[in-house]
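What follows draws every value from the coordinates through simple rules; no lab data is involved. No experiment lies behind these values; they were computed from the predicted model shown.
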């Protein structure tokens, strides 16, 4: 049914997809906790820290991720004479910074949505601010931010295709190379299957997490 060329093309696409998955995992693992740090900075009582953090978030959210990737990769070489040779590393840095900014705003919205009465109740019980946050607030925040967080994570899967702007061999770049070399167009469209399956699995995973957190109705 399928000839050797089909399986050969699949193998090439899988190699590109491996880089897509690597970029996705590294970005997610690094940007989720970094986003929480940025969130605390944007909510800080120290005005200079709060202003600088919110300015950083505004700049990152207000400029295209593609531009940020190019700046991270080209700027050190052009401005300081220290070119970055690791293209994947440059893409990872840009993605981590970008998604940390977006996640921080999701976190902030979730934290600010918790009624102040719950903080006051914890203080009445003699709990410290950190105890109140981790024992009372955190799981409720997770419940509230899960839907917007899942949207960002799925967007991240698709955004990994932007790595090709600095010639990183992710899935779409692999398909483009095949199209150019073999003069066939179907591998480019076939990449959609990889994204659909990946995002389908993520959707199922987030759905399962939402069910586990259903006991938080507040």
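The Stokes-Einstein estimate for region 4-47, based on a Kirkwood radius over Cα pairs and taken at 10 °C with 1.306 mPa s viscosity, is a diffusion coefficient of 121 µm²/s.
Computed on the chain, the Cα convex hull volume stands at 145 Å³ per residue. The distance from the alpha carbon centre of region 136-151 to that of region 174-212 is 27 Å, rounded to a whole number. A straight line joining the Cα centroids of region 107-130 and region 26-104 runs 29 Å. Considering helices alone, the calculated mean residue ellipticity of the chain at 222 nm is -27000 deg cm²/dmol, with DSSP H runs of length four and up weighted by -39500 (n - 2.57) and normalised per residue. Structural descriptor for the chain: relative contact order 28 percent, calculated from alpha carbon pairs under 8 angstrom and at least 6 residues apart.
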